[in-house]
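Have a look at the structure below before the remarks.
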Amino acid sequence: MIHHKDLMDNMVLCFQETHLHIPPIDKESLSFNFAIAHSTHGILTCKNKKIIIKAIKTFYKNKTELTLINMYFQQPICLTNTYAAPFKKVSTIIQMIEEAKSQTSYTNCVFLVIVDFNIDIHYK
């Protein structure tokens, strides 16, 4: 059985479309042992305080915002937290993810892609 505390010990939370101009205060996250890893206008990434951040880089391109976070928790992890405005081409988003992947701090890592694609699958 997975306990609530065990689950929270290993988590990274990714939010898109936050529209925050100032990072939120960490009062709520303190009870869960979380810290804000990175915040930009549209993206917020929170992490467990046990996770070590090695480097953070933010990319912007044509209403697409991507944050690459190189972290370490039992192994190297490279995470992209991405927001793409509605009707952006998937190929543009994938190119940005590939660019970020080429700039990771680790030569061998688990590469996680978290994306709010905003894709309407019925759009022609």
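Rule-based calculations on the coordinates, nothing more; no lab input. Everything numeric here is computed off the predicted structure, so don't read it as measured data. Because the Cβ atoms are built from the backbone with ideal geometry, glycine has one as well, and the counts that use them run over all protein chains shown.
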request  = First measure r as the distance between the Cβ atoms of Lys61 and Phe111, then evaluate 1/(1 + (r/R0)^6) with R0 = 22 Å and state the FRET efficiency to the nearest 0.05.
outcome  = 0.70
query = Structure shown: which of Lys54/Lys89; Lys50/Lys88; Lys49/Lys89; Lys50/Lys101 lie over 29 Å apart, alpha-carbon to alpha-carbon?
reply = Lys54/Lys89; Lys50/Lys88; Lys49/Lys89
ask   = So between Ala85 and Ile22, what do we pick up on full extension, going 0.36 nm a residue minus the alpha carbon distance?
value = 20.6 nm
